[in-house]
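The values are calculated or read from the model by the stated rules, or taken from the named source; none is laboratory data. Model, not experiment: these values are computed from the prediction. FYI the Cβ positions are ideal-geometry reconstructions off the backbone, even for glycines, and counts take in every protein chain you see. Ligands, DNA and RNA are stripped out before the accessible areas are found, and what is left, the full protein with its side chains, is counted by its heavy atoms. Shrake-Rupley method; radii C 1.70, N 1.55, O 1.52, S 1.80 Å.
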Amino acid sequence: TENAMTKVNPSEPKRALFSCNYCQKDISNCVRIKCAECAEMDLCVECFSVGVEPNPHKACHAYHVVDNLSFPLFTMDWGADEEL
């Protein structure tokens, strides 16, 4: 089924839900690292692994590994993240 959340206007560029705060890579559909101490600080795995520190983030901060579990299960409108 199609709803307002899934309808895409092809003339509008797709906007990333999440992007790396250091390299700006779109990390919406992959594993990302979310800082537990900085508000709105997400890093791609590559930048996190080399210890980047975009201000005010510090490499020693606690973090969460966030996996994208929104892939469809059984039907296109039923995601794996709804089963958690």
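The table below lists the values:
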{"quantity": "Largest-first ordering by accessible area, 1.4 Å probe, given options Ser28, Ser19, Ser49", "calculated": "Ser49, Ser19, Ser28"}
{"quantity": "Expected-Rg normalisation [2.2 N^0.38 Å, Cα atoms] applied to the range 11-76", "calculated": "1.24"}
{"quantity": "³J(HN,Hα), Karplus 6.51/-1.76/1.60, whole Hz, each residue of the range 52-57, x for Gly, Pro", "calculated": "4, 9, x, 4, x, 5"}
{"quantity": "Stretch gain in nm, segment Ala16-Glu37, where the contour uses 0.36 nm per residue and the Cα spacing is subtracted", "calculated": "5.3 nm"}
{"quantity": "Cα-projected label distance for Ala62 with Val50, points at 7 Å along beta-carbon direction, nm", "calculated": "2.9"}
{"quantity": "Contact order relative to length of the range 12-58, as percent, for alpha carbon pairs under 8 angstrom and 6 or more apart", "calculated": "32"}
{"quantity": "Built amide H within the under 5 Å cut-off of Ile27, gap 5+", "calculated": "Phe18, Ser19, Cys20"}
